[in-house]
Every structure is written in structure tokens, then in C-alpha cells.
Amino acid sequence: MKKLITSALLASTLTLSGCGYNNLQALDEDTNAKWSEVVNQYQRRADLVPNLVAVVERYAEHEKEVLTEVAQARSRVGSVQLTPETLNDPNAMKQYQEAQAGMTSALSRLMMVTENYPQLKADGMFQDLQAQLEGTENRITVARNNYIQSVQGYNTTVRQFPTNLTAKVFGMQTKANFSVENEQAISTAPTVNFGNNSNNANTGSATAGANSGSATATAQ
């Protein structure tokens with residue numbers, strides 16, 4: 001009897017392995033890990049906002065509209081959460097991405113305002129926050145790229161025969177992904193214009209666009 005049970009378990013294991021179950025599980029875990037890194041980097045950006053607003057407010061106190069816009073954008077980002085369990089929901093991904101797009105836009109506008117305040121730009125804390133924000137935007141782009149590639153691999157496997165049959169049996173669905181009209185935007189970090197002069201252009205002379213936030217959610 002014991003040998004019969006062992007043989008049955010072995011046969012079951014070989015069947016699951018042969019039908020792609022193990023590969024699907026590995027790909028699923030990889031997409032979850034990549035998504036966690038996306039969330040981590042977006043959270044890192046959100047964590048910079050309070051200090052950034054505080055230092056800007058010291059020099060540009062009357063720029064209430066812009067400062068309020070940034071605070072509201074951060075609040076919206078915090079209210080829209082997307083877990084690995086809901087990554088197959090295109091609408092949830094769309095809402096999440098729209099919130100992050102609003103944060104990108106608000107920060108871009110804030111940075112444009114700082115051009116009018118030379119003393120602010122010379123502030124050591126502001127310069128440190130500027131460098132951190134630039135680095136974070138780059139890390140967001142890398143994390144997004146990694147997630148996009150991971151989801152493409154997972155979704156392809158879920159749809160291909162014969163692993164699509166295994167996916168259906170175990171309820172594994174395609175996951176929502178980032179997509180933009182201009183594919184080049186995905187691979188280019190949305191650097192921020194901090195009003196630096198031409199001698200410092202290499203530290204970030206481009207205006208932060210909505211390329212990291214103009215995406216719409218699709219299940220690829």
C-alpha cells in the first residue's frame with residue numbers, strides 16, 4: 001500500500017512538472033517579486049515628498065497652489081494600493097498608474113517653480129533631496145522595465161499550449177501590465193528639470209514628463 005501511494009505521488013509530480021505547473025509557479029513568483037520592487041520604489045519617492053515640500057515652503061511660501069497639488073497627489077497615491085493578488089485586474093492597475101502619474105506631474109510642476117528661487121536651489125538640503133529624487137526616478141524606470149518583462153514571460157506561458165490548460169485548471173490568469181504609446185518612454189528614465197544651468201545639465205536637464213505615468217493598464 002505504501003509503495004502504491006509513493007508511486008501515485010511520483011506520477012502526480014511528474015505529470016505536474018511535464019504540464020508546466022512548476023514553470024508557471026516560478027514565473028508567478030517572479031512577477032510578484034518584480035512588482036514588489038515597483039511598489040518599493042514608488043513608495044521611496046512618496047517618502048521624499050514631505051521633506052521636499054517642507055524645504056521648498058521655506059523659500060516659496062506663497063506657492064500654495066503647487067504645494068497643495070503635491071500634497072494631494074501624495075494622498076491619492078497612498079489611497080490606491082495594488083497587491084500581487086489583484087495584479088490580474090486591468091482596472092486596478094489603471095487606477096494605480098493614474099495616481100502615480102498625478103504624483104509625477106505634481107513633482108514636475110514643483111520643480112519648475114524652484115527655478116524662480118536661487119536661494120532654494122542653493123540650499124544643501126534641497127540639493128540632497130534633488131539628487132535622491134533623480135536617483136529614485138531612475139530606479140522606478142528600472143523596476144518598471146523588469147516588471148514589464150517578467151509579466152510578458154508569464155502571460156505568454158499562460159496563453160501558450162499546453163501550459164494554458166494547466167493555467168486554466170489552477171485558475172492562473174494573465175496579469176495587467178504597463179503599456180505606453182511610445183515604447184521608448186518605457187526604457188528612458190523620466191528625469192526631472194531642477195532648473196540647473198548648462199554647466200550642470202548632466203545632473204538632470206530634462207523635464208519630468210508623464211512617460212512614467214502615462215501608461216494604461218493592459219493584460220499582455
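Every number in this text was worked out from the coordinates using simple rules, so none of it is lab data. Everything quoted here is computed from the prediction, not taken from an experiment. Cβ coordinates were reconstructed from backbone atoms using ideal geometry, including for glycine residues, and neighbour counts include every protein chain displayed.
Placing +1 on the Cβ of every Lys and Arg and -1 on the Cβ of every Asp and Glu, with nothing else charged, gives the range 43-179 a dipole about its Cα centre of roughly 680 debye.
Site pair Ala122 and Val142 shows an inter-label distance of 3.4 nm when each label is modelled 7 Å from Cα along Cα→Cβ. The string of couplings for the range 82-90 from the Karplus curve (6.51, -1.76, 1.60, θ = phi - 60°) is 10, 9, x, 6, 10, 6, 8, 9, x Hz, one whole number per residue in order, with x for Gly and Pro. Using the Cβ-Cβ distance between Gln160 and Arg76 with R0 set to 25 Å, the FRET efficiency from 1/(1 + (r/R0)^6) comes to roughly 0.10. Here's how it looks for Asn177: its modeled amide H is under 5 Å from those of Thr218, Ala219, Gln220, which are all 5 or more places away or on a different chain. Applying the criteria of a DSSP loop state and at most 10 other Cβ atoms within 10 Å to the GluC sites (Glu not before Pro) of the range 21-103 yields Glu61. Only aspartates and glutamates eight or more places from Lys168 in sequence, or on another chain, were considered; those with a Cα closer than 20 Å are Asp28, Glu29, Asp30, Glu85, Asp89. Given R0 = 30 Å, the distance between the Cβ atoms of Asn23 and Asn91 translates into a calculated FRET efficiency of 0.60.
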